[in-house]
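Notes to accompany the following structure.
Every number in this text was worked out from the coordinates using simple rules, so none of it is lab data. In this text, all values refer to a predicted model and were calculated from it rather than measured experimentally. No Cβ is skipped: glycine too gets one built from the backbone with ideal geometry, and neighbour counts run over all protein chains shown.
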Amino acid sequence: MAIDPEQQPISSVSREVGKSSGEISSEREPLIKENHVPENYSVVAAILPFFFPALGGLLYGYEIGATSCATISLQSPSLSGISWYNFSSVDVGLVTSGSLYGALFGSIVAFTIADVIGRRKELILAAILFLIGALVTALAPIYSVLIIGRVTYGVSVGLAMHAAPMYIAETAPSEIRGQLVSLKEFFIVLGMVGGYGIGSLTVNILSGWRYMYATSVPLAVIMGIGMWWLPASPRWLLLRVIQGKGNVENQREAAIKSLCRLRGPAFVDSAAEQVSEILAELSVVGEDKEVTFGELFQGKCLKALIIGGGLVLFQQITGQPSVLYYAPSILQTAGFSAAGDATRVSILLGLLKLIMTGVAVVVIDRLGRRPLLLGGVGGMVVSLFLLGSYYLFFSASPVVAVVALLLYVGCYQLSFGPIGWLMISEIFPLKLRGRGLSLAVLVNFGANAIVTFAFSPLKELLGAGILFCAFGVICVLSLVFIFFIVPETKGLTLEEIEAKCL
C-alpha cells in the first residue's frame, strides 16, 4: 500500500533533532541574522520540487493559447465535427472566459482549504481537476458539457496558481528562490506558445478543438504523480507544529526528511539544525498564533495584503489584456504579413514574452525585485503613452505602434509578469500565506475579468488613444506604489522577509 510522504516518520533522522521530547523550546531569542548565511543545497535536487508545481503554470498557459485556436475550430461548419457549431457571441464568450470564472471560484476554495490540507495536496487536487476538466472538455457531446469542462479546468487553474508559487517559494533555497518562482511565469508563457503551436497544427483538421484540449491530459497526469512523490512543504509542516496541530515529533521528523530530499545529500547533516532554527524564527515572528479572519486586515498581515494585492491589481489594470487584444491589428496596420493570421501573430508575441521572461529569470536574484519592477514599469509607461499617441496623433506612422507594442510586452515580462507572482509568494507571513495568497489570486483573476469585460465599452466611449493614455497614468501610479511601498526581498529567507519587511 502506498504511504503518504506527509505522514512518514524518519526515526533515523529524528535522532539528529536533539530534543527527544519533540517539544519546542520556550526560549525565543531572535535568530534573524543581519548577515545572511547561504544555505547548502543541490541544484539537481531543487529541479523536481520546482518542475512538478510549475506544470500547473504550464497547463494554465496552454489553456490560454489553445482556447484562442479552439474557438475558431468550434465555429467551423466543416471542421468542428459537431452539429451545434453555430455559436452566438455570448456562447463564444463563455467558452473563452469559462476557465476565468472557474479560477475565481478556485481562489475562493483555496482560501478555505489551503492551510488545512497543505500546498502539496492542494496541487494534487489541482492536477486531478486539470485531468477531469480536460477530458470533459475534449469529449463534450453538447455545449453545456463543454462549459462545465471549461469551468472545472478553471477551478484547477485557481488552485494551481495559488499553491504552486507557495510550494516553490517555501521549498526553494533563498539564493535561487527568485529565479525558480519567476521561472514558473516562464512556464506559463511556454504553455501559451505551446497552445498556439498545437492549435495552429490542429485547427484545420476535423474536430481539431478536441485534440487541442486533450493534449493537456498527459501533463496533468505527470503533475499529479510528481506532486504525490514530492514531500510536503517543510515550512507548512512546522507551522502545524508550532500551532499545536498534529503530533509534534512526527511533524518535526517529516520536516527534516522533507528538507533532506529538497536540498540534496549536502544538506543531510544540517537538516535537524535548520529545522530547529526555522521553528525558533517562526516563534519569534509570532507564527505560533493562528490568524483569524479579522487579523488578515491588521498589522503586518494588512501590510502584506497591501503589497501583494496591490502588485497583482496593478499587474492587471495597467492594460496587459487590452494591449494584447490590439496586437494583431497593430501589426496588420504596420504591414506585417503574419498579422493576417491571428495564430502566427500570437506565436510571435509569445516568443517575445518567453525571451524576456527568460531574461528576468536570469537576472532577478542578481539585480533584485525593485530595480526590475521600477525599470520595467517605467518602460510600460513610455510604451502606453506611445500607443495612445499613435491612435491620437501618429496614425500615419505605424512603426510607432509596433515599437510601443514590443516595448510594452518586453517590459511587462521583465517586471509585473514574473515579479508579481514572486512577491505574493514571498511577502505573506507563513500563518497568513495560504489565505493571503488566495485573496491575492482572487484579486488577480477578478481584475483580469473586469478589465477584459470593460475594455470594449470603454474603447467605444473614450477611444483607443485616450484609453491607452489612461492605462499609462495608472502605470505611473503603480510606479509610485512600488517606490514607496514594495520592499526588496532579494537573498532573504522567508522568515527574514517577515521580520525585516513587514
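Can you find, among ILE497, ILE474, PHE455, the residue farthest towards the positive end of the dipole of the stretch 389-502? Put +1 on the C-beta of Lys and Arg, -1 on that of Asp and Glu.
Result: PHE455, furthest along the dipole toward the positive end.
Give the peptides 405-412, 161-168 in descending order of average Cβ contacts within 10 Å, highest first.
Values: 405-412: 22.2, 161-168: 29.8.
With the highest mean Cβ count within 10 Å placed first, the list reads 161-168, 405-412.
Provide, for q = 0.21 Å⁻¹, the log10 of I(q)/I(0) from a solvent-free Debye sum over equal Cα point scatterers in the stretch 42-142.
Values, matching the q order: -1.17.
So, R0 is 56 Å and r is the distance between the beta-carbons of PHE293 and SER78; what FRET efficiency does that work out to, to 0.05?
Efficiency, from the Cβ-Cβ distance: 0.55.
Each label point is 7 Å from the Cα along the Cα-to-Cβ direction; what then is the distance between the points at VAL382 and ILE306, in nm?
3.1 nm
Decide, for the stretch 60-101, between rounded, prolate and oblate: order the square roots of the alpha carbon gyration tensor eigenvalues as a ≥ b ≥ c, take rounded if a/c falls under 1.5, and otherwise choose prolate if a/b is larger than b/c, else oblate.
Details: a/c = 2.92, a/b = 1.49, b/c = 1.96.
Oblate is the answer for the stretch 60-101, as a/c is 1.5 or above yet b/c matches or exceeds a/b.
What nm value, rounded to one decimal, do you get for the distance between VAL363 and LYS500 when each label is placed 7 Å out toward the C-beta?
The answer from the label model is 2.2 nm.
Which one, LEU206, MET223, GLN243, projects farthest toward the positive side of the charge dipole computed for the stretch 197-276 from Cβ point charges (K/R +1, D/E -1)?
Comparing the listed Cα positions along the dipole, LEU206 ranks first.
If you look at just the Cα atoms of the stretch 144-250, how large are its Rg and its Dmax in Å?
Taking only Cα atoms of the stretch 144-250, I get Rg and Dmax of 18.2, 59 Å.
Can you give the FRET efficiency for GLU277 and LEU351, using 1/(1 + (r/R0)^6), R0 = 45 Å, r = Cβ-Cβ distance, to the nearest 0.05?
Details: r = 44 Å, r/R0 = 0.97.
E(calc), rounded to 0.05, equals 0.55.
Please give the contour-minus-distance gain from ILE142 to VAL221: 0.36 nm per residue of separation, less the Cα-Cα distance, rounded to one decimal in nm.
Working: separation 79, 0.36 × 79 = 28.44 nm, distance 2.53 nm.
Working it through step by step, the gained length comes to 25.9 nm.
So which of LYS184/LYS490; LYS257/LYS490; LYS300/LYS431; LYS184/LYS431; LYS300/LYS490 end up more than 21 Å apart by C-alpha? Intermediate results must be reported in sequence, preceding the final value.
Numbers: LYS184/LYS490 17 Å; LYS257/LYS490 27 Å; LYS300/LYS431 11 Å; LYS184/LYS431 23 Å; LYS300/LYS490 19 Å.
Violating the 21 Å limit, Cα to Cα: LYS257/LYS490; LYS184/LYS431.
Taking R0 as 35 Å, what's the FRET efficiency between ALA454 and TRP229 from their Cβ-Cβ distance, rounded to 0.05?
Values: r = 43 Å, r/R0 = 1.24.
Rounded to the nearest 0.05, the efficiency is 0.20.
Across the Cα atoms of the stretch 343-488, what radius of gyration and what greatest pairwise Cα-Cα distance (Dmax) are found, in Å?
Taking only Cα atoms of the stretch 343-488, I get Rg and Dmax of 16.5, 56 Å.
Going by the alpha-carbon gyration tensor, a ≥ b ≥ c the square roots of its eigenvalues, is the stretch 353-395 rounded (a/c under 1.5) or, if a/c is not under 1.5, prolate (a/b greater than b/c) versus oblate? Intermediate values should be presented prior to the final figure.
Details: a/c = 6.40, a/b = 2.35, b/c = 2.72.
Oblate, because a/c is 1.5 or more while a/b does not exceed b/c.
Of the peptides 349-357, 438-446, how do they stack up when ordered by the mean number of other Cβ atoms within 10 Å, highest first? Present the calculation step by step, with values, prior to reporting the outcome.
Values: 349-357: 19.7, 438-446: 24.1.
Per-residue mean Cβ counts within 10 Å order the peptides as 438-446, 349-357.
No solvent, one uniform scatterer per C-alpha: report log10 I(q)/I(0) for the stretch 102-185 via the Debye equation at q = 0.13, 0.20, 0.27 1/Å, two decimals.
Evaluating at q = 0.13, 0.20, 0.27 Å⁻¹ gives log10 I(q)/I(0) of -0.46, -0.86, -1.16.
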